[in-house]
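Let me begin by presenting the structure, written as structure tokens, before commenting on it.
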Amino acid sequence: MIHNIFISSKFLIERKRQTAVALLGVAIGVSAFIVMTSLMRGFQKYFIKQALNINGHINLKVEENNDELRIVKKAFNPEKYLFVVLGSKPKEKKYKISNYKQIIKMYSSNPEIIGISPHLLGTGMVVYGTKEKNASLIGIYPELENKTVSFKEYLKSGKLSQLEADKNNIIIGIKLADDLGIKEPGKKISIVSPSGNIYTLKVIDFLNTGITEIDKTRIYIHIKKLQTILEKPGQVNEIIFKIKHPEDAVSVAKQISLQTGYKAESWQEAFRNFLSLFRMQNYITYIIVFSILVVSAFGIFNIIMMTVLEKKKDIAILKAIGYSNIDIIFIFTMQGLIIGIIGGIIGNILGFYILEWLETVKIEVEGIIRVKGFILDRNILYHLFGFIFAFVFSLLAAFYPSYRASKLYPVDIFRTGG
Amino acid sequence: MKIILEAVNIKKKIKQELILKGINLKVYKGEFLSIIGASGSGKSTLLYILGLLDKPTGGNIILEGENIDFKNVKKLTVLRNKKFGFVFQFHYLIPEFTAVENVIIPMLKAKTNKKQALQRATNLLKQLGLTEKINKRPFELSGGEQQRVAIARALANKPSIILADEPTGNLDSKNTQNVMEILLNLNNKYKTTIIMVTHELELAKLTDRTIELVDGKITKEIINKPDKYTHVQN
């Protein structure tokens with residue numbers, strides 16, 4: 001073993017330039033994997049964390065029923081007749097969770113559920129001076145909301161309790177406020193309800209989650225006030241749940257759905273578009289990184305193959321003086337592995353310092369999320385995986401030429417004089 | 001003299017051509033045997049088979065009384081490492097290694113401690129007049145020096161038999177004489193069995209016994225030093 005490592009390392013050291021190029025290839029591949037994975041996962045984890053913090057893990061809603069034949073079907077046997085309703089118009093939707101108090105009571109004692117908050121959702125037009133914007137109006141019980149989502153965390157001044165103190169107070173998404181031209185709290189805005197009534201409300205705080213879609217559209221109002229604005233007294237059309245183990249949201253949602261008869265949507269279902277987008281992003285990232293690793297593996301393959309071709313005489317003499325086929329495989333595979341291991345270590349160090357540097361870069365990023373600088377998910381596992389990939393790719397790349405080397409028949413070399 | 005190596009009816013076919021046509025040869029312990037013959041007579045092929053580097057198409061090789069199983073590759077490898085030392089026409093030194101490193105390679109395979117291996121390699125190189133060249137790479141050595149390093153490598157594991165395939169074929173007359181002196185000295189002083197293939201009759205005459213191969217068959221045997229064979233045991 002030691003003698004084989006001695007020979008391998010000698011062969012490598014003597015081919016400094018080729019070895020350096022191969023090492024660089026592996027190092028770049030590994031560092032690219034670490035950096036890209038940290039960036040990608042950082043962004044994805046941040047998005048999910050922020051979205052979950054503000055939206056809850058499960059949303060209980062009234063399932064919209066768009067079956068326009070419902071009444072006709074009730075009157076006639078649908079198996080006997082073919083119904084076609086022409087020119088049907090969408091009817092006014094009055095979807096509400098009528099027994100929400102019972103539902104809240106039912107799940108309050110469930111140890112798996114750590115927070116429940118009823119909502120009334122609606123839309124309205126917000127007017128500030130000459131500016132008008134459409135907004136999602138969310139009616140909440142501030143105390144219950146704060147127990148269910150990390151609401152306070154995202155408030156600029158943390159004045160959640162003032163929603164309770166004065167029901168004419170509102171909290172507005174910071175981007176929406178920006179769009180309307182509201183720079184500081186205390187400003188009064190008008191909300192025009194769907195029925196045309198105008199209500200004057202006071203902005204007491206700004207919501208800054210970092211998720212553009214939320215910050216650009218949402219207005220939080222006390223539920224009682226929103227019930228008045230939307231003319232839906234005592235109504236609730238959504239309940240959000242915070243559960244102990246967010247990863248179990250799908251099964252818990254299924255259970256809640258069965259028990260209540262309403263549609264319970266887990267966060268995985270709610271964000272399925274984003275999650276599948278993230279999956280696609282991951283695939284693309286891994287394809288790019290694996291391509292880099294494959295190219296560097298070809299570099300190793302090339303070097304070992306060249307070495308084998310150039311070292312036929314040396315292989316022949318090694319075999320003549322008692323080195324077995326396994327020794328020969330070991331000697332040449334070890335060269336690939338040394339490149340993989342050292343390249344993996346360099347790649348890890350390089351990746352580490354690139355991430356360190358990225359953490360200091362404070363550029364404004366605005367897209368699905370708004371952050372200053374890069375969000376990195378720094379995890380020792382990415383470094384470990386990078387190293388393992390380098391090791392495995394090097395091993396695979398070096399094995400075939402090494403195997404070929406072991407199959408050289410020394411007599412053939414001696415007969416021809418090498 | 002005891003038989004150390006025996007070829008029994010050795011045949012070798014290469015690409016449908018019968019190169020060796022039933023060779024029977026006894027090699028005695030401590031003898032210096034030379035094999036002569038024209039190009040293509042099969043002398044190198046016979047040497048490779050005797051050195052367990054090549055597999056015969058037919059016949060047996062008996063080494064120190066043991067019939068060699070050519071299917072047992074692992075054992076062949078061990079025997080080559082421990083029992084044989086090879087010297088070829090070309091030195092086949094590994095260019096990346098210094099003289100001393102080239103010599104220790106067979107010893108490391110035989111699991112000799114590296115310190116001891118370096119000590120022995122240094123001594124061997126000194127004995128062969130290469131004291132100043134121990135840490136030189138092959139390209140820094142002359143042809144004769146390269147071949148002497150190759151001889152040192154062949155001697156590294158104290159082999160029972162040295163197989164030399166035209167060891168002077170690539171050397172000038174001075175270096176040829178030098179290499180022959182080393183081989184003769186090894187044989188006389190340390191009783192190392194040597195089998196040398198050569199096409200130079202003058203060199204063959206310096207050995208104890210010469211066999212001539214013609215067209216894959218032994219056609220002649222000349223005892224150059226008859227006094228050495230007075231106690232031959234069959």
Using the Cα centre of chain B as the reference point, and only Cβ charges (+1 on K/R, -1 on D/E), how large is the resulting charge dipole? Debye, rounded to the nearest 20. 920 debye
Classify the range B:2-99 as rounded, prolate or oblate, taking a ≥ b ≥ c as the square roots of the eigenvalues of its Cα gyration tensor: rounded when a/c is under 1.5, otherwise prolate if a/b is larger than b/c and oblate if not. rounded
Sum of side-chain charges, B:ILE62 neighbourhood, beta-carbon under 10 Å (Lys, Arg +1; Asp, Glu -1): -2
Under-5 Å amide H pairs with B:PHE32, H placed in peptide plane, nonlocal only: B:ILE194, B:ASP208, B:ARG209
For A:HIS222, enumerate residues with amide H under 5 Å from its amide H, sequence gap 5+ or separate chain, H modeled in the peptide plane. A:ILE140
Build a GNM of chain A with springs between Cα atoms under 10 Å: which of A:LYS45, A:LYS101, A:LYS61 gets the top mean-square fluctuation? A:LYS101
Cα-projected label distance for A:GLU79 with B:LYS220, points at 7 Å along beta-carbon direction, nm: 11.2 nm
Alpha carbon centre of the range B:108-141 versus the range B:72-100: separation in Å? 14 Å
Equivalent-ellipsoid semi-axes (√(5λ), Cα gyration tensor) for the protein assembly as shown, whole Å, largest first? 91, 27, 18
Starting from the Cα of A:LEU258, step 7 Å toward the Cβ, then list every residue of the range A:103-118 with an amide N under 18 Å from that point. A:107, A:110-113
Under 23 Å from the Cα of A:LYS16, which lysines turn up, not counting those fewer than eight places away in the same chain? A:LYS311, A:LYS312, A:LYS313, B:LYS136
I need two numbers for chain B: Rg to one decimal and Dmax as a whole number, Cα atoms only, in Å. 17.3, 49
To the nearest Å, what is the center-to-center distance of the range B:195-234 and the range A:113-131, using C-alpha atoms only? 109 Å
Under the Karplus relation with 6.51, -1.76 and 1.60 and θ = phi - 60°, whole-Hz ³J(HN,Hα) for the range A:397-404, x at Gly and Pro, equal 5, 8, 5, 4, x, 5, 5, 4
List the trypsin sites (Lys or Arg not before Pro) within the range B:65-96 that fall in a DSSP loop (any state other than H, G, I, E or B) and whose Cβ has at most 16 other Cβ atoms within 10 Å. B:LYS71
What does the charge count around B:THR176 come to, taking other residues whose C-beta lies under 11 Å from its C-beta (Lys +1, Arg +1, Asp -1, Glu -1)? -4
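Could you compute the longest span of chain A free of chymotrypsin sites (Phe, Trp or Tyr not before Pro) located in DSSP loops and having at most 12 other Cβ atoms within 10 Å, not counting the site residues?
That gives A:84-418 as the longest site-free run.
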Once phi for every residue in the range A:370-381 is put through the Karplus expression 6.51 cos²θ - 1.76 cosθ + 1.60 (θ = phi - 60°), the whole-Hz ³J(HN,Hα) values, with Gly and Pro written as x, are 10, 9, 9, x, 8, 9, 10, 9, 8, 9, 4, 4
Measuring from centroid to centroid over Cα atoms, what is the spacing of the range A:27-57 and the range B:158-181 in Å? 69 Å
Quick one: 3J(HN,Hα) in Hz for the range A:254-261, Karplus 6.51/-1.76/1.60 with θ = phi - 60°, rounded, Gly and Pro as x. 4, 5, 4, 4, 5, 6, 9, x
What residue among A:GLN44, A:GLN281, A:GLN235 shows peak mean-square fluctuation when chain A is described by a Gaussian network model with Cα springs under 10 Å? A:GLN281
Those residues of the range A:381-405 whose amide nitrogen sits under 20 Å from the label point placed on A:VAL294, 7 Å along Cα→Cβ: A:386-401
Under a crude label model (7 Å from the Cα following the beta-carbon direction), how far is B:THR57 from A:GLU269 in nanometres? 7.9 nm
Go ahead and run the numbers for FRET between A:LYS202 and A:LEU396, Cβ-Cβ distance against an R0 of 45 Å, rounding to 0.05. 0.10
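Coordinate-derived values only; no laboratory data. Given the structure is predicted, the values throughout are model-derived calculations rather than measurements. Note: ideal-geometry Cβ built from the backbone for every residue, glycine included; neighbour counts use all protein chains shown.
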